[in-house]
Structure formats: C-alpha cells, structure tokens
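Notes follow the structure.
Every read-out reported here was derived from the displayed coordinates using simple, explicitly stated rules and does not represent laboratory data. From a predicted model like this one, the values you see are computed outputs, not experimental measurements. Ideal geometry is used to build each Cβ from the backbone, glycine not excepted, and the neighbour counts take in all protein chains shown.
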C-alpha cells in the first residue's frame, strides 16, 4: 500500500506581488524551488496565514535570487503583498519507504531569505 506524504514545503513565504490577469499559478523564485525540491508545473497546496484561505495550483519558476512569491490569476484575490504563505507539495511512497521519509523543508525570513532547513 502507498501513502501520501509531504514532499516539499516552503514555510513563511512572504507574497511579493500579484497579477489577477495572468492565467494562474504561483511564481516562486527559482533558488527557493531548487532548495526544497519543487519542479516547475508541480501541483502545490498553499495556505495563507493572514486570512486562512487555502488553494491548489501549480508552480512557475521565477528568477533565481529574487525571493519572488507572486499570486497569479484567480488566487491573486486570495492574498495580497505582505501576506505569509505555507506552500506544500506531496508524493506517494510505499509504507516501507514512508517509515524513513524526510520532507525537504525551508523556512523563510525577511526578504524571503532561507533561515532554516530540514531534510535537505
């Protein structure tokens, strides 16, 4: 039997902008994606710590080193610049592999700079 597990997590990501006219998705700075193992177009679950909204979308790679976290399309209505998000992706694993599983987690601080990592 397979189980669903947390694969990647960006905790305390500060929204840097939004574009309601874009087709959809969440733009994430490429270096942050690489550090926690997110892939472009990967499905993610986002939680806005400022207002409690949660939504699913997919990732678009932003420019490396910019710290950008941009709400695109309809989800731009679910948050604003300065809101803090938790961004998560999931995977499946066998029960045997799940017993030793460690997700790749990054915690961000001011300017969306990495202040802590786990499982990396």
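Which is surrounded by 15 or more Cβ atoms within 10 Å (Cβ to Cβ), in contact with a helix residue (DSSP H, G or I) (Cβ under 9 Å, 6 or more places away or on another chain) and part of a strand (DSSP E or B), of 60, 10, 44?
Values: 60 fails: in contact with a helix residue (DSSP H, G or I) (Cβ under 9 Å, 6 or more places away or on another chain); 44 fails: in contact with a helix residue (DSSP H, G or I) (Cβ under 9 Å, 6 or more places away or on another chain).
Only one candidate qualifies: 10.
Given the conditions (1) free of Cβ contacts under 8 Å to residues at least 40 places away in the same chain; (2) part of a loop (DSSP other than H, G, I, E, B); (3) farther than 26 Å from residue 4 by Cβ, which single one is not true for residue 82?
Condition (1) is where residue 82 drops out.
Checking residue 71 against (1) outside any helix (DSSP H, G or I); (2) out of contact with any strand residue (DSSP E or B) (no Cβ under 7 Å at 6 or more places or on another chain); (3) over 16 Å from residue 5 (Cα atoms), which test does it fail?
(2)
Please go through region 96-120 and give me each residue that is surrounded by 14 or more Cβ atoms within 10 Å (Cβ to Cβ) and assigned to a strand (DSSP E or B), ordered by number.
104, 105, 106, 107, 108, 114
With the checklist (1) surrounded by 14 or more Cβ atoms within 10 Å (Cβ to Cβ); (2) on the phi > 0 side of the Ramachandran plot; (3) in a helix (DSSP H, G or I) in hand, flag the one item residue 76 doesn't pass.
The number of the failed condition is (2).
Yes/no matrix, rows are residues, columns are (1) more than 16 Å from residue 4 (Cα to Cα); (2) out of contact with any strand residue (DSSP E or B) (no Cβ under 6 Å at 6 or more places or on another chain):
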{"position": "26", "(1), (2)": "yes, no"}
{"position": "46", "(1), (2)": "yes, no"}
{"position": "58", "(1), (2)": "yes, no"}
{"position": "93", "(1), (2)": "no, no"}
{"position": "99", "(1), (2)": "no, yes"}
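Against the condition within 11 Å of the chain's Cα centre (by Cα) and not in a strand (DSSP E or B), how does residue 26 come out, does it pass?
Values: within 11 Å of the chain's Cα centre (by Cα): yes; not in a strand (DSSP E or B): no.
Spelling it out, it is not the case that residue 26 is within 11 Å of the chain's Cα centre (by Cα) and not in a strand (DSSP E or B).
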